[in-house]
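Participant: Got a structure for you, questions after.
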Amino acid sequence: MPEQQRWISCCKPLFAALMVSFLVSGCALWPFGGDDDEGVEDPESSEQELYRTSQRYLRSGNYTTAISHLEHLEARFPFGRYAEQAQLELIYARHMSLDHDAARNAADRFIRLHPNHDNVDYAYYLKGLASYNKSANLFDRFVTTDPSKRDMSSVREAYAEFAQLLARYPSSQYVPDSKQRMVHLRNVLAQSELHVADYYMRRGAYMAANNRARYVLDNFSQSTAVPDALAVMAECAWRLGLEDTANDSLRVLAANYPSYPAFNGDGELVLAERVRNRDRSWTNLVTLGLLDRPDVPPPLTLRHPEGYVPVARPAVADGSAPVEHEATNEKKKKGWFSWLPFVE
């Protein structure tokens, strides 16, 4: 036992030295630390060395360090070989680091300094992408949220910037993706207008609600919110006592969207469920619907010229529920907790 204890006590310094060397080598191999200041603090670093170092950090996902290297490269070599490329990659690095405002500012700067650059369309695309992702919510991956119920300023900016890319560079490789994003943004903007219309409907401002629905038809005629806008216009006209106007909106809805979910089997527009969900007061909620019931309109029936048969909602051969129209059946991303009763 004494000899074993003496052997252990002699080996302790060796083990400590091995552990220290292992930790030092591990820190040197760690991609996000150790040599963060490599190439930045050395005044003798060449332009090519700085650029290669920034590319290594970009590939490893260390965007903060890559930004510092790219900024140092541009400051030391403002007219160098990699200066323009560094400015372009700064936009990407800031966007990937979730600093969307800085990415948009960097894109504006690049566009202002190099309006005829071969890759200026990429700057326009990243600028729109920064605004597009700025409207996203961190909690979207956990809880299903409706983007049309948020502030629409960044959504409008993204839509305008993608539209500018399409107008200036219609043959750009980023046009197909920009078009798809614009379709989504258009649907979000249109749905946001309908939320405002519902707000006015709850307060009895039916003319204001009708104007919002009309705005959707005039500016977002290809969006998925068009059938809901027509239904809002029909209800507003009915509540204002404008039977002919309500019938006109209802006729357009039935002709273009015969499978609209609110149509029953007889071709009548039933808005009872929508009105109950929208106009329920706290008294009605507390009493489980017994008191202060909302004023539900009767089924709105088309009044057509003689000989015209109302369009009935088509039935499925197997007797199951009819399929909703593709314009009103847009798939929504489900969150991890979407099964909770209080989560939409």
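Participant: Could you tell me how many of the residues in region 225-258 are under 32 Å from the mean Cα position of the chain (by Cα), in a helix (DSSP H, G or I) and not small (Gly, Ala, Ser)? Break it down into steps so the answer makes sense when it comes.
Facilitator: Quick first cut of region 225-258, residues under 32 Å from the mean Cα position of the chain (by Cα) only: 225-236, 249-250, 252-258.
Remaining after also requiring in a helix (DSSP H, G or I): 226-236, 249-250, 252-256.
Retained after the next criterion (residues that are not small (Gly, Ala, Ser)): 226-228, 230, 232-233, 235-236, 250, 252-253, 256.
Number satisfying all stated conditions: 12.
Participant: Residue under question is Thr144, and the condition is that it be outside any helix (DSSP H, G or I), modelled with pLDDT of 90 or more and touching a Ser or Thr at 6+ places or on another chain (Cβ under 7 Å); does it hold? So that I can check it myself, show each step before the final result.
Facilitator: Values: outside any helix (DSSP H, G or I): yes; modelled with pLDDT of 90 or more: no; touching a Ser or Thr at 6+ places or on another chain (Cβ under 7 Å): yes.
Criteria not met by Thr144.
Participant: State whether one or more residues within region 49-69 are aromatic (Phe, Trp, Tyr), over 29 Å from the mean Cα position of the chain (by Cα) and part of a helix (DSSP H, G or I). First the steps, then the outcome.
Facilitator: Step one: of region 49-69, the residues aromatic (Phe, Trp, Tyr) are 51, 57, 63.
Checking which are over 29 Å from the mean Cα position of the chain (by Cα) leaves us with 51.
Next cut, part of a helix (DSSP H, G or I) only: 51.
The answer is yes; a qualifying residue exists.
Participant: Another question about this same structure. Are there any pairs with C-beta distances below 6 angstrom linking a residue in region 105-134 that is in contact (Cβ under 8 Å) with a residue 24 or more places away in the chain to a residue that is among the basic types (Lys, Arg) and surrounded by 14 or more Cβ atoms within 10 Å (Cβ to Cβ), with the two at least 6 apart or on different chains, and if so which?
Facilitator: Short answer, once both residue conditions are applied: Lys127/Arg104; Ala130/Arg104; Tyr132/Arg181.
Participant: Does region 248-261 contain any residue that is among the β-branched types (Val, Ile, Thr) and free of Cβ contacts under 8 Å to residues at least 40 places away in the same chain?
Facilitator: Going residue by residue through region 248-261, those that are among the β-branched types (Val, Ile, Thr) are 252.
Then keep just the ones that are free of Cβ contacts under 8 Å to residues at least 40 places away in the same chain; that gives 252.
Within region 248-261, one or more residues are among the β-branched types (Val, Ile, Thr) and free of Cβ contacts under 8 Å to residues at least 40 places away in the same chain.
The values are calculated or read from the model by the stated rules, or taken from the named source; none is laboratory data. Owing to the predicted nature of the structure, the values given are computational and were not obtained by experimental measurement. Note: ideal-geometry Cβ built from the backbone for every residue, glycine included; neighbour counts use all protein chains shown.
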